[in-house]
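Single-structure report; data block below.
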């Protein structure tokens, strides 16, 4: 602190000195925004003061207390050792397997994961035999659970990248029915691919599958993931499934898709988790968007409010998504560790998450 | 970024008991408190020692469930996971498939 000001950041990572009263007000406003949008409880006064205390801690890095630790899963974190700048990677000239083993034994995560750099199910299908081989040989060497991660990414199934007519072209023409039909057909196609990949990896001993960034193309994308989970829980029952969401709000690109009697469009994290749970998912990852024009205090309060409501609604472990620009972490390539660790601490102590 | 999360709030992976607690979330959908209690009970230690490196390193070595340092000859990888599955009373897909691939050994010893 300097006088009555704390050193903090904006949602785009810019460092600012902020009056403590301003930070307090931003915490209240961020929580209010989540409460209003999600129709959920805002953080109580005590939680807001706890959050303010975490923001105002003088240390560059903060942490939870002994005994409060949670499980850390990831979306290809080990691959940052060998991937390029676009993935925030360090570009080392090593393959995935040594990267995963180095990550397991030097970073000490609770789980590790693999996947391809394109990180979508559709391209995985074309190189399935390579991925089976890579997974089969790596899983013999890892002691920590090894996930295989990929994104549903329904967008790849629309023209010109895929076979189905593009709803983004049909909708401006007023062809609402055609856009909906195309999304339904594409979703069925995507589900088949996810089940194919999941079952293929299961035969190689796959311990966990991560459906990362589910719902990125809207409600049909989320629906395809839920249907794939249902099917994989029957054909691959000994494999954990984690679902990480693309955003706080399921976009209604179709608008009428229903899963188990509930319309998916417009669902917030505390509602999304119930769908994932009903489908049979083992772990759910809520994602809360970041507003880069607002302060870190505002964004974090908003994220903690959404995540806390999700944890309370959930019957399965909740691992908050805390990558760049998600759940309070500022939107910048090199994420500042002061914000990353404050996000972690706040989500554990106030949001009561089961993991990250 | 993952390192920052791990240091701020992670269980410690194979340095301590993080992988074991993760298994219980993955295989039994246990929330964090229940998963920790289950693992501590099966290890016969206090909850607070689940993330105590001084306790867990020796215990992991004694149980043969893999440690974070390279110890030539000690179990690691799939062999450590075979022991973890037994210790936690859970079924692990990779372990089940590995064990079944060794079924030809039955009765040969």
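No lab work stands behind these numbers, since they all come straight from the coordinates. Just so it is clear, the structure is predicted and the values come from calculations on it, not from any experiment. A quick note on method: Cβ atoms are made from the backbone with ideal geometry, for glycine too, and the neighbour counts reach across all protein chains shown.
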**Prompt:** How big is the equivalent ellipsoid of the stretch A:5-349 along its three axes, where each semi-axis is √(5λ) from the Cα gyration tensor, reported in whole Å from largest to smallest?
**Reply:** 32, 26, 18
**the stretch B:84-101 versus the stretch A:1-72: alpha-carbon centroid distance in Å** = 43
**Complete:** Partner shielding of B:51-58, as the mean number of partner chain Cβ atoms within 10 Å, equals 1
**Prompt:** Of A:225, A:186, A:168, which is the most mobile in a GNM of chain A whose springs link Cα atoms less than 10 angstrom apart?
**Reply:** A:168
**Item:** 12 Å cut-off, amide nitrogen to a point 7 angstrom out along residue A:37 Cα→Cβ, residues in the stretch A:283-301
**Value:** A:287-294, A:299-301
**Request:** Mind jotting down the distance between the C-alpha centroids of the stretch A:86-161 and the stretch B:10-50, whole Å?
**Result:** 25
**Prompt:** Rounded to whole Å and sorted largest first, what semi-axes of the equivalent ellipsoid does the C-alpha gyration tensor of the stretch A:154-292 yield via the square root of 5 times each eigenvalue?
**Reply:** 25, 18, 13
**Fill in**
Taking N as the number of residues in the stretch A:264-310, the ratio of its alpha carbon radius of gyration to 2.2 N^0.38 Å works out to 1.30
**Item:** Cα pair distances of the stretch A:245-325 binned at 10 Å [whole percent]
**Value:** 18, 48, 28, 5
**Theoretical ellipticity at 222 nm over the protein assembly as shown - DSSP helices of four or more residues, -39500 (n - 2.57) apiece, nearest 500** = -14000 deg cm²/dmol
**Request:** Averaged over every viewing direction, what's the projected area of the C-alpha convex hull for the stretch A:1-55? Give it in nm², one decimal, please.
**Result:** 4.0
**Prompt:** Taking the inverse of the average 1/r across all pairs of different Cα atoms in the stretch A:86-180, what Kirkwood radius in Å do you get?
**Reply:** 15.9
**Message:** Counting only Cα atoms, I'd like the Rg/Rh figure for the stretch A:1-107, Kirkwood definition for Rh.
**Reply:** 1.09
**Fill in**
In Å, the Kirkwood estimate of hydrodynamic radius for chain B over Cα pairs equals 14.8
